[in-house]
Amino acid sequence: MYRQLNDSTLVAGQIAPEDVPALKDLGVTLIVNNRPDGEDAGQPESVEIEAAARAAGIGYRHVPIARGLGPSDIEAMREAMHSAGEGKLFAFCRSGNRSTLAWAVAKSEDGVARADLDRMANEAGFDLGPVAHLLRD
(Lines give C-alpha, C1' and ligand atoms only; values in the text may rest on other atoms or scores of the structure.)
Protein backbone atom coordinates (compact mmCIF):
# COMPACT_ATOMS: atom_id res chain seq x y z
CA MET A 1 0.00 0.00 0.00
CA TYR A 2 2.78 2.45 0.80
CA ARG A 3 6.46 3.06 0.14
CA GLN A 4 8.87 4.30 2.78
CA LEU A 5 11.09 7.25 1.83
CA ASN A 6 12.79 7.55 5.22
CA ASP A 7 12.08 6.73 8.85
CA SER A 8 9.41 9.42 9.11
CA THR A 9 7.83 9.56 5.64
CA LEU A 10 5.57 7.17 3.76
CA VAL A 11 4.01 7.78 0.34
CA ALA A 12 1.36 6.00 -1.70
CA GLY A 13 -1.18 6.32 -4.43
CA GLN A 14 -4.80 7.19 -3.74
CA ILE A 15 -6.23 5.94 -0.47
CA ALA A 16 -9.83 5.53 0.63
CA PRO A 17 -11.31 6.61 3.97
CA GLU A 18 -11.37 2.98 5.14
CA ASP A 19 -7.57 2.80 4.70
CA VAL A 20 -6.92 5.49 7.31
CA PRO A 21 -7.20 3.47 10.56
CA ALA A 22 -4.33 1.19 9.41
CA LEU A 23 -2.13 4.27 9.04
CA LYS A 24 -2.56 5.02 12.73
CA ASP A 25 -1.13 1.56 13.47
CA LEU A 26 1.97 2.49 11.43
CA GLY A 27 2.60 5.55 13.62
CA VAL A 28 1.26 8.10 11.15
CA THR A 29 0.40 11.39 12.84
CA LEU A 30 -0.25 13.48 9.72
CA ILE A 31 -1.73 12.72 6.30
CA VAL A 32 -0.96 15.03 3.36
CA ASN A 33 -3.25 14.77 0.35
CA ASN A 34 -1.45 16.03 -2.77
CA ARG A 35 -4.37 15.35 -5.14
CA PRO A 36 -6.75 18.03 -6.32
CA ASP A 37 -10.38 17.02 -5.82
CA GLY A 38 -12.00 15.71 -9.00
CA GLU A 39 -8.75 14.66 -10.67
CA ASP A 40 -10.20 11.22 -11.45
CA ALA A 41 -13.74 9.88 -11.50
CA GLY A 42 -14.54 7.93 -8.35
CA GLN A 43 -11.72 9.51 -6.36
CA PRO A 44 -12.70 10.21 -2.73
CA GLU A 45 -13.04 13.91 -1.96
CA SER A 46 -10.56 15.55 0.37
CA VAL A 47 -13.24 16.11 3.02
CA GLU A 48 -13.92 12.35 3.15
CA ILE A 49 -10.25 11.50 3.81
CA GLU A 50 -10.03 14.36 6.29
CA ALA A 51 -13.06 13.09 8.24
CA ALA A 52 -11.54 9.60 8.43
CA ALA A 53 -8.21 11.07 9.57
CA ARG A 54 -9.83 13.15 12.28
CA ALA A 55 -11.86 10.12 13.46
CA ALA A 56 -8.61 8.17 13.75
CA GLY A 57 -6.86 10.98 15.62
CA ILE A 58 -4.54 11.78 12.71
CA GLY A 59 -3.82 15.30 11.47
CA TYR A 60 -4.67 16.16 7.87
CA ARG A 61 -3.49 18.65 5.25
CA HIS A 62 -4.72 19.14 1.70
CA VAL A 63 -1.86 20.40 -0.48
CA PRO A 64 -3.16 19.77 -4.01
CA ILE A 65 -0.46 19.76 -6.68
CA ALA A 66 -2.02 20.06 -10.13
CA ARG A 67 0.49 21.54 -12.58
CA GLY A 68 3.99 21.14 -11.27
CA LEU A 69 5.50 22.15 -7.97
CA GLY A 70 5.32 25.79 -7.02
CA PRO A 71 7.00 27.57 -4.11
CA SER A 72 3.79 27.54 -2.06
CA ASP A 73 3.47 23.75 -2.56
CA ILE A 74 7.00 23.21 -1.31
CA GLU A 75 6.52 25.50 1.66
CA ALA A 76 3.25 23.75 2.58
CA MET A 77 4.98 20.37 2.35
CA ARG A 78 7.89 21.58 4.50
CA GLU A 79 5.51 22.94 7.10
CA ALA A 80 3.58 19.66 7.13
CA MET A 81 6.76 17.62 7.50
CA HIS A 82 7.87 19.75 10.45
CA SER A 83 4.47 19.61 12.12
CA ALA A 84 4.33 15.79 12.03
CA GLY A 85 6.53 15.87 15.12
CA GLU A 86 7.86 12.53 16.31
CA GLY A 87 5.27 10.64 14.29
CA LYS A 88 5.23 9.73 10.63
CA LEU A 89 3.96 11.73 7.72
CA PHE A 90 1.93 9.88 5.09
CA ALA A 91 1.58 11.69 1.75
CA PHE A 92 -0.45 10.48 -1.19
CA CYS A 93 -1.38 11.42 -4.74
CA ARG A 94 -2.41 9.32 -7.74
CA SER A 95 0.75 7.17 -7.70
CA GLY A 96 2.96 8.55 -4.93
CA ASN A 97 5.22 10.30 -7.44
CA ARG A 98 4.05 13.92 -6.87
CA SER A 99 4.21 13.40 -3.13
CA THR A 100 7.76 12.07 -3.43
CA LEU A 101 8.87 14.97 -5.63
CA ALA A 102 7.38 17.51 -3.21
CA TRP A 103 9.00 15.73 -0.26
CA ALA A 104 12.41 15.72 -1.98
CA VAL A 105 12.37 19.42 -2.80
CA ALA A 106 11.17 20.25 0.72
CA LYS A 107 13.91 18.09 2.26
CA SER A 108 16.45 19.74 -0.05
CA GLU A 109 15.31 23.13 1.26
CA ASP A 110 15.98 21.76 4.74
CA GLY A 111 19.56 20.97 3.73
CA VAL A 112 19.40 17.24 2.97
CA ALA A 113 22.06 16.32 0.39
CA ARG A 114 20.89 15.60 -3.13
CA ALA A 115 22.71 12.27 -3.22
CA ASP A 116 20.84 11.14 -0.10
CA LEU A 117 17.51 12.23 -1.56
CA ASP A 118 18.23 10.40 -4.82
CA ARG A 119 19.15 7.25 -2.90
CA MET A 120 16.03 7.31 -0.71
CA ALA A 121 13.71 8.00 -3.65
CA ASN A 122 15.36 5.35 -5.82
CA GLU A 123 15.11 2.75 -3.04
CA ALA A 124 11.37 3.48 -2.90
CA GLY A 125 11.07 3.19 -6.69
CA PHE A 126 10.93 6.87 -7.64
CA ASP A 127 13.07 9.06 -9.90
CA LEU A 128 13.79 12.65 -8.87
CA GLY A 129 14.77 13.63 -12.43
CA PRO A 130 11.73 15.89 -12.93
CA VAL A 131 12.78 18.09 -9.99
CA ALA A 132 16.58 17.74 -10.29
CA HIS A 133 16.86 21.44 -11.15
CA LEU A 134 15.16 22.31 -7.83
CA LEU A 135 17.45 20.19 -5.64
CA ARG A 136 20.44 21.68 -3.91
CA ASP A 137 23.78 19.92 -4.32
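The values are calculated or read from the model by the stated rules, or taken from the named source; none is laboratory data. The shown structure was predicted, so the numbers you read here are calculated from the model rather than taken from an experiment. FYI the Cβ positions are ideal-geometry reconstructions off the backbone, even for glycines, and counts take in every protein chain you see. The area values use the complete protein model at the heavy-atom level, side chains included, leaving out ligands, DNA and RNA. Shrake-Rupley method; radii C 1.70, N 1.55, O 1.52, S 1.80 Å.
Looking at segment 19-58 from every direction and averaging, what is the projected area of its Cα convex hull in nm²? Numbers along the way, then the final one.
Numbers: hull surface 11.1 nm².
One quarter of the hull surface, i.e. the mean projection, equals 2.8 nm².
Taking the C-alpha atoms only, the angle from helix 71-83 to the longest principal axis of the chain is near 70 degrees.
A Cβ-based charge dipole, computed about the Cα centre of segment 1-100 with Lys and Arg at +1 and Asp and Glu at -1, lands at about 240 debye.
Binning all Cα-Cα separations of segment 75-137 at 10 Å, short to long from zero, yields these whole-percent fractions: 23, 57, 20, 0. Each of Leu135, Gly96, Gly70 was scored by the projection of its Cα onto the charge dipole of the chain, and the greatest displacement toward the positive side belongs to Leu135; charges sit on the C-beta of Lys, Arg, Asp and Glu. Between the residues Asn122, Val32, Ala84, the greatest Cα displacement towards the positive end of the dipole of segment 1-122, with unit charges on the Cβ of Lys, Arg, Asp and Glu, is found for Asn122. For the chain, the Kirkwood radius over C-alpha pairs fed into Stokes-Einstein at 25 °C and 0.890 mPa s yields D = 167 µm² per second. A 1.4 Å probe, protein heavy atoms only, puts the accessible area of Lys107 near 50 Å². Under the classification rounded if a/c is under 1.5, otherwise prolate if a/b is larger than b/c and oblate if not, where does segment 28-84 fall, given a ≥ b ≥ c as square roots of the Cα gyration tensor eigenvalues? It comes out oblate by the Cα gyration axes.
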